[in-house]
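Data block below; observations after.
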Amino acid sequence: MKKLFVSIFAMSLLFSCNKNAKGNDGKALDGKFDKYKDGFVTALWKINPGWASGAGYHKYDSILIVPDAKDTKVQLDFATANLDSLKQYDIENLSDNNKTDFQMIKNQLEATIFSIKELKSSEWNPSEYNVCGAFAEILNGKYDSLEVRLRAFNIKMNNILAYYEAAKKNIKNPTVEHTDLAIAQNIGGSSVFETDLNAALEKSKLSATEKKEIQDKAKVSIKAIKDYADWLKALPNKTPRSFRLGSALYAKKFNFDIQSGYTADEIYKIAVDHKKDLHDKMFVLADKLWTKYKGNEPKPTDKLDLIKQVIDKISLQHTTPEKFQSEIEKQIPELTAYVKAKDLLYIDPSKPLVVRKEPAYMAGVAGASISAPGPYDKNANTYYNVGSMSGWTPENAESYLREYNDYILQILNIHEAIPGHYTQLVYSNQSPSIIKSILGNGAMVEGWAVYAEKMMLESGYKNSDEMWLMYYKWNLRTTCNTILDNSVHTKNMSKEDAMKLLTREAFQQQAEAEGKWKRVTLSQVQLCSYFTGYTEIYNLREELKKEQGKDFNLKKFHEKFLSFGSAPVKYIKELMLAKE
């Protein structure tokens, strides 16, 4: 027994020493990795100045990279060299937060190589070439004096001509859809160099000589932008590439973009099952509401028809095109007050949210979006971009407003603003990890916004059968986004079948369905981010609730989850479930 005790004691001592040694090694390795990250970010911004500016790092605002073969080599060399550098770090000996950063950096580098060597969207997507947004951000910024920003704007214009000449050389057999988008966005965005720039120059204290120099360069820039649009219009393109990505590229892009615990096929199957579950819940509510909205009319035997008829009646309650933006503005303080009253999550009142008309250079993809400041520019405005209905036919405007009726408009504001995107991105900027902020995972970001919708209703927000029915309709959109995206890009789903899915099975208005079809032809995988992220976040919450029982606290869960920045949910899950 004595010998056994000594042996156990010796083993324990040896384990303890090894553990301490590993701990010391781990601290040293973390310190080394932190230095590596600093160098990685500095180098990343140097070769991606536009991305740097978007993140709030304005040292390279005056640089416009020309997207030529030389730049492609720089990007590939950077990715290859840094993947090699990562090999010196044993991921198992890094801290939990650094493990996540390691994985996110590795994913970004591998995605860069995949994009250049396999996806090759620079050849078939002309809308990737558009300088208007970057220049607009300089004018809209609050990070420095107007004069300093205008001088950066001036120098940056020097490369616009070369930028578009390189774009023309890169484009091989573009898709028809991306060509049309590039023409519309570049022509629309060119107003940045006219209206927006002249308004800024008028306010500025620049000398008359400087102002004239900038305006002369702006005229050359506008011509280069419009020449690019005209070149695209005249481009002989007898064999345009299909906008469909195909199964092999789609699966790889899903893995890089979503970084989920699920594969593309797995989340597709989950979405199909979830659609059926939502239909069942919606039928119960619609059947209950039938008499209230349809009186003594006979009920249709088809369940989907019954649901649609009730939804169509409720959807008549909506605002007007003129009041659409002001209605959104009015609801923001109401949502803030509700979250505070229910103690669901801390919302920093010092971070401004500005509702604005969607800028022209962003038009054509989504009807509402958030533009958040980067981690270096944390106190800048977050913009809630609202699409305009000016120029629409009365029929299209009515269809759009029925889609965003009085109930769904509130859910949209939860998603885009509070406690959705705006709130999450404020938290993300507070993350101690710059990597988690700048390499933010879209599925986590979108998933949080979708999760926030259900969480708000679960907490009692505007509780009614109508609100829940409309929420399920809205959640069907998220679910069908995944089904649509996968089906269109990997299963050759036709527009006719897509419209049937969206209007009959997801109860969307014709205008909304048409807009979604356009979006799925212009993007790939991104539409899966909503449902995938939501599913992973909701499942994580339910797992922790089960594990913690009566000790589970919803506010603590939300704040802890958001404290990890915009990391992929699968990594946040590992950190939150990790035992001491």
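Remarks
- When region 164-176 is limited to residues that are among the polar types (S, T, N, Q) and either open to solvent by 10 Å² or more (accessible area, probe 1.4 Å) or at pLDDT below 95 (or both), the one that is farthest from ARG241 (Cα to Cα) turns out to be ASN170.
- Extreme residue, farthest from GLU213 (Cα to Cα), among residues of region 124-164 that are among the basic types (Lys, Arg) and assigned to a helix (DSSP H, G or I): ARG149
- Cβ pairs under 7 Å, 6+ apart, first in region 219-240 and among the basic types (Lys, Arg), second open to solvent by 10 Å² or more (accessible area, probe 1.4 Å): LYS226/ILE187; LYS233/ILE183
- Residue match in region 151-163 (condition: farther than 18 Å from ALA218 by Cβ and open to solvent by 20 Å² or more (accessible area, probe 1.4 Å)): no
- Residue within region 236-247 that is in contact with a His (Cβ under 8 Å, 6 or more places away or on another chain), of a type outside the set (D, E, K, R), crowded, with 17+ Cβ neighbours inside 10 Å and closer than 30 Å to SER191 by Cα present: yes
- Residue pairs meeting the criteria (Cβ under 8 Å; at least 6 apart or on separate chains; first over 19 Å from VAL450 (Cβ atoms), in region 543-570; second among the basic types (Lys, Arg)): PHE552/LYS545
- Those helices (runs of 4 or more DSSP H) of region 417-480 in which at least 3 residues are surrounded by fewer than 22 Cβ atoms within 10 Å (Cβ to Cβ), in contact (Cβ under 8 Å) with a residue 24 or more places away in the chain and not polar (S, T, N, Q), considering only elements entirely within it, cover 442-458.
One line per residue, one yes/no per condition, for (1) of a type outside the set (S, T, N, Q); (2) in contact with an Asp or Glu (Cβ under 9 Å, 6 or more places away or on another chain):
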| residue | (1), (2) |
| --- | --- |
| TYR384 | yes, yes |
| SER388 | no, yes |
| ALA397 | yes, no |
| ARG402 | yes, yes |
| GLU416 | yes, no |
| GLN430 | no, yes |
| MET444 | yes, yes |
| GLY447 | yes, yes |
| ALA452 | yes, no |
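- Residue in region 382-404 that is closer than 21 Å to ALA452 by Cβ, among the acidic types (Asp, Glu), open to solvent by less than 40 Å² (accessible area, probe 1.4 Å) and in a helix (DSSP H, G or I) present: yes
- For region 500-523, taking the residues that are closer than 24 Å to LYS281 by Cβ and in contact with a Phe, Trp or Tyr (Cβ under 9 Å, 6 or more places away or on another chain), the one that is surrounded by the most Cβ atoms within 10 Å (Cβ to Cβ) is identified as LEU502.
- Picking from residues in region 177-207 that are among the hydroxyl-bearing types (Ser, Thr, Tyr) and open to solvent by 20 Å² or more (accessible area, probe 1.4 Å), the one that is nearest to ARG244 (Cα to Cα) is SER191.
- Extreme residue, surrounded by the fewest Cβ atoms within 10 Å (Cβ to Cβ), among residues of region 82-91 that are among the charged types (D, E, K, R) and part of a loop (DSSP other than H, G, I, E, B): LYS87
- Looking only at residues of region 83-106 that are more than 23 Å from the chain's Cα centre (by Cα) and basic (Lys, Arg), we find that the one that is nearest to LYS37 (Cα to Cα) is LYS99.
Residue-by-condition table, conditions (1) open to solvent by 40 Å² or more (accessible area, probe 1.4 Å); (2) more than 30 Å from ASN379 (Cβ to Cβ); (3) in contact with a strand residue (DSSP E or B) (Cβ under 9 Å, 6 or more places away or on another chain); (4) at pLDDT 95 or above:
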{"residue": "PHE15", "(1), (2), (3), (4)": "yes, yes, no, no"}
{"residue": "ASP25", "(1), (2), (3), (4)": "yes, yes, no, no"}
{"residue": "ASP38", "(1), (2), (3), (4)": "yes, no, no, yes"}
{"residue": "ALA55", "(1), (2), (3), (4)": "no, no, no, no"}
{"residue": "SER62", "(1), (2), (3), (4)": "no, no, no, yes"}
{"residue": "GLN75", "(1), (2), (3), (4)": "no, yes, no, yes"}
{"residue": "ASN93", "(1), (2), (3), (4)": "yes, yes, no, no"}
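- Condition check for ALA184: under 16 Å from LYS226 (Cα atoms), in contact with a Gly (Cβ under 6 Å, 6 or more places away or on another chain) and either at pLDDT 95 or above or not in a loop (DSSP other than H, G, I, E, B) (or both): yes
- Check on LYS294, of a type outside the set (A, V, I, L, M, F, W, C), modelled with pLDDT of 95 or more and open to solvent by less than 50 Å² (accessible area, probe 1.4 Å): yes
- Considering region 349-358, and only residues there that are open to solvent by 40 Å² or more (accessible area, probe 1.4 Å) and assigned to a loop (DSSP other than H, G, I, E, B), the residue that is nearest to ALA372 (Cα to Cα) turns out to be PRO352.
- Every test in (1) at pLDDT 95 or above; (2) over 22 Å from ALA506 (Cβ atoms); (3) not charged (D, E, K, R) is passed by VAL272 save one, and that test is (2).
- Among the residues listed as TYR57, TYR89, TYR36, the single one being touching a Ser or Thr at 6+ places or on another chain (Cβ under 8 Å), among the aromatic types (Phe, Trp, Tyr) and more than 15 Å from ILE116 (Cβ to Cβ): TYR36
- Extreme residue, modelled with the lowest pLDDT, among residues of region 104-142 that are open to solvent by 60 Å² or more (accessible area, probe 1.4 Å) and under 30 Å from LYS378 (Cβ atoms): LYS142
- Only one entry in ASN539, ASN492 is open to solvent by 20 Å² or more (accessible area, probe 1.4 Å) and on the phi > 0 side of the Ramachandran plot, namely ASN492.
- Against the conditions (1) under 20 Å from SER242 (Cβ atoms); (2) open to solvent by 40 Å² or more (accessible area, probe 1.4 Å); (3) acidic (Asp, Glu), ASP551 satisfies every one except (1).
- Answer residue from region 405-416, given it is assigned to a helix (DSSP H, G or I) and polar (S, T, N, Q) and is most open to solvent (accessible area, probe 1.4 Å) among those: GLN410
The values are calculated or read from the model by the stated rules, or taken from the named source; none is laboratory data. Quick caveat, the model's predicted, so the values are computed rather than measured. As a convention, Cβ positions derive from the backbone with ideal geometry for all residues, glycine included, and neighbour counts pool all protein chains shown. Note: areas computed on protein heavy atoms with side chains; ligands, DNA, RNA excluded. Shrake-Rupley method; radii C 1.70, N 1.55, O 1.52, S 1.80 Å.
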